[in-house]
Each structure stands twice: as C-alpha cells, then as structure tokens.
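Right, one structure below, let's go through it.
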Amino acid sequence: MYTTIKVSREVKEILDSMKLSRSESYEDVILDLLEDHLELNPRFRRSLEQAEKEIAEGKTVELAELLAELEGNE
C-alpha cells in the first residue's frame, strides 16, 4: 500500500541531493534517514539504561517536588 505525502520544494530538493542514484526512490532515502535517526549511539544508550535502572530502583523525584526546588533557587 502506498500513500502520498506533501513536502515543500526545499525538502524535495534536499531529498534529491541525498539520493545515491537517480533511480533511488524517495522511500529509500527516507528509510535511510529514519534508520540513522533510530540508531542510538553507545553513550546515549548507556544513559538510557542507567535511567531505566534508577527508575526501577525508585530513585525518582516527584514533579511537584522538583518544581518547588526550582522555584526556591530563583
């Protein structure tokens, strides 16, 4: 199933410039961009894993508590 998307002329020109060949589809260009975007660098991945561990251990702060602390530092 295919669909149509609307992009500005500027975005189309950028997509055109990213094609590896004239026959490459816009879908392939967009998929390459999405793949690059979705890959996490190792440092960021480690920070996410650390955050998940802290959440699981209950090392969290209530939003109201954080806001009160921030307001007190103004």
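A few remarks follow.
- For the chain, excluding the exposed loop sites themselves (trypsin sites (Lys or Arg not before Pro), DSSP loop, at most 14 other Cβ atoms within 10 Å), the longest remaining stretch covers 23-58.
- Averaging 1/r across all pairs of distinct Cα atoms in the chain and inverting the result yields a Kirkwood radius of 16.9 Å.
- Note on the stretch 1-18 and the stretch 23-39: Cα centroid distance 12 Å, given to the nearest whole angstrom.
Taken together, the values in this text are just the output of simple stated rules run on the coordinates, not laboratory data. Please read these numbers as outputs of a predicted model, since none were measured by experiment. A quick note on method: Cβ atoms are made from the backbone with ideal geometry, for glycine too, and the neighbour counts reach across all protein chains shown.
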